[in-house]
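Below: the structure, in structure tokens.
The values are calculated or read from the model by the stated rules, or taken from the named source; none is laboratory data. What you are looking at is a predicted structure, and each value in this text was computed from that prediction instead of being measured. Ideal geometry is used to build each Cβ from the backbone, glycine not excepted, and the neighbour counts take in all protein chains shown. To get the accessible areas, we keep the full protein, side chains included, count just its heavy atoms, and leave off ligands, DNA and RNA. Shrake-Rupley method; radii C 1.70, N 1.55, O 1.52, S 1.80 Å.
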Amino acid sequence: MSSRQLVSDRQTGVMWCRGFLQQTVRSMSTSRQAGVLFDVDGVLLRGGSLIPAARRAFRKLVDRNNNFLFPVIFVTNAGSCQRQHKAQQLSHLLEVQIAPEQVVLSHSPLRMLKSFHDKCVLVSGQGPVTDIANTLGFQKVVSVEQLREHFPLLDMVDHNRRPKLSSSLLKTLPKIEAIILFGEPIRWETNLQLLIDVLLTNGNPGGMYDPQVPAQLPVLACNMDLMWMAEAPSPRFGHGMFMLCLESVYRKLTGRELQYQALLGKPSLLTYQYAEHLLRLQNQDHKLTTIYAVGDNLMTDIYGANLYNRYLGQQHAAMTTTSKLVAQGTGSTVTMAVPEEELVSAAAQCRSILVCTGVYNPGSPLPSDRSNAITETVFHGHRDLVLEPDLVEPNHVVEDVEAAVDLLLQQETSVASNT
């Protein structure tokens, strides 16, 4: 099916009377069967500005008391703030009350990685990364800036920031036991240098590099987006671009690939498991039949939703123990001690909806439009993700988020009328 045919989903939805759709949805059983995951940048916002269709869309998703018709979660790969701040921003712009519990940031699933919470972690990114790590449960946190102050001779790229004299050591820092990459930093050269120092000294950056480090320190990375959509006409570099640089430097110096203990944020399965968990809490723990995932990026939003849909079809056989094995795109696994009730996935399916207001260019062909194999295209996903045509093929393509809401209302009304 061509992208032009898929965009016509909106014209079909417009034929339905919107008032009738909402009335039918409101009359459904109190045990609601659908949940919705919304991406933010490129779907609802461009930078700090609201996309006009977003406010219209959310007027259709609430009843006369301003309560959501379905459980709704905002899943974004942003991670430079606390979730209550993102909830306040969205509430103000959308004119709908959104609770912090309805927001999943790229780092939110770190709450589940409790085996790392008592380790000394080095955090990289921007914003209040130390406070964010503490809020997520990490007890011993060191920022790159703190590391730089403690070892002032390490950061030498910017001549204007080189120390004039050797500084006396500050309080003794503990050995770094793990690294958390929250998002792209402001000064890439500083973070690249100090992260490499920590990796090649096995957590003791004041010492010399050890080319024979027996085991690499664990690295937990949030947000794999190579690019994201702001106010500029073309996408901007994302954290995935910084990770690409770090991986290249590490490989050049060691001859080995940088290994990740966990990759979080979309399209990580753990992120979607966590989002479904929050959807079920909104739904008084009732089962959800269908999850609609609305996004603008084929390599994160669509890939992740489709990967999760595949996982839902297999999860009953896989989820048999209390120690979860959370698969990444490559089939590698992360083992976590997570309570059984926290990550039970019960939805029957996850439907991906692609909008044309962000990273995706509607002038570009979709995988189904190409006569050549998709492996011949440029892949913007992370190195550790497997490129498969069906994982980047959206179930629906629509013009904007309002059209996405029209579509899901139509779908759910059709289901309700047939039951």
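Surface analysis of region 183-307 yields an accessible area of 37 Å² per residue, using protein heavy atoms and a 1.4 Å probe. The portion of the accessible surface of region 175-253 made up by carbon and sulfur, rounded to a whole percent, is 61 (1.4 Å probe; DNA, RNA and ligands excluded). All other residues with a Cβ under 15 Å from the Cβ of VAL96 taken together, and with Lys, Arg as +1 and Asp, Glu as -1, what is their net charge? Net of charged neighbours comes to +2.
Under a Cβ-Cβ cut-off of 12 Å, what is the net charge of the residues other than LEU136 that fall near it, where Lys and Arg count +1 and Asp and Glu count -1? Residues close to LEU136 contribute a combined charge of +2. Here the Karplus relation 6.51 cos²θ - 1.76 cosθ + 1.60, evaluated at θ = phi - 60°, turns the backbone of region 156-161 into coupling constants of 10, 5, 7, 4, 6, 9 Hz, with x for every Gly and Pro. For region 286-293, backbone phi angles converted through the Karplus equation (6.51, -1.76, 1.60; θ = phi - 60°) give residue-by-residue couplings of 6, 5, 9, 7, 10, 10, 9, 10 Hz, Gly and Pro being listed as x.
Amide hydrogen proximity for GLY35: with H placed 1.01 Å from N in the peptide plane, the residues at 5 or more positions away or on another chain lying under 5 Å are THR290, ILE291, TYR292. Put simply, when 397-409, 90-102 are sorted by average Cβ atoms within 10 angstrom per residue, most first, you get 397-409, 90-102. If you plug the beta carbon distance of ALA215 and LEU50 into 1/(1 + (r/R0)^6) with R0 = 45 Å, you get a FRET efficiency near 0.45. For LEU45, the residues 5 or more places off, or on other chains, whose built amide H falls under 5 Å of its own are ILE51. Here LYS175 is the anchor, and the aspartates and glutamates within straight C-alpha reach of less than 17 Å, apart from those fewer than 8 places off in the same chain, are ASP118, GLU145, GLU149, ASP197, ASP210.
Comparing Cα centroids, region 47-99 and region 236-255 end up 33 angstrom apart. Derived scalar couplings between HN and Hα for region 82-95 equal 7, 5, 5, 6, 5, 5, 5, 4, 5, 4, 5, 6, 8, 6 Hz in order, rounded to whole Hz, by the Karplus curve 6.51 cos²θ - 1.76 cosθ + 1.60 (θ = phi - 60°), x for Gly and Pro. Summarising the label geometry, the points placed 7 Å from Cα in the beta-carbon direction at SER364 and ASP285 lie 4.3 nm from one another.
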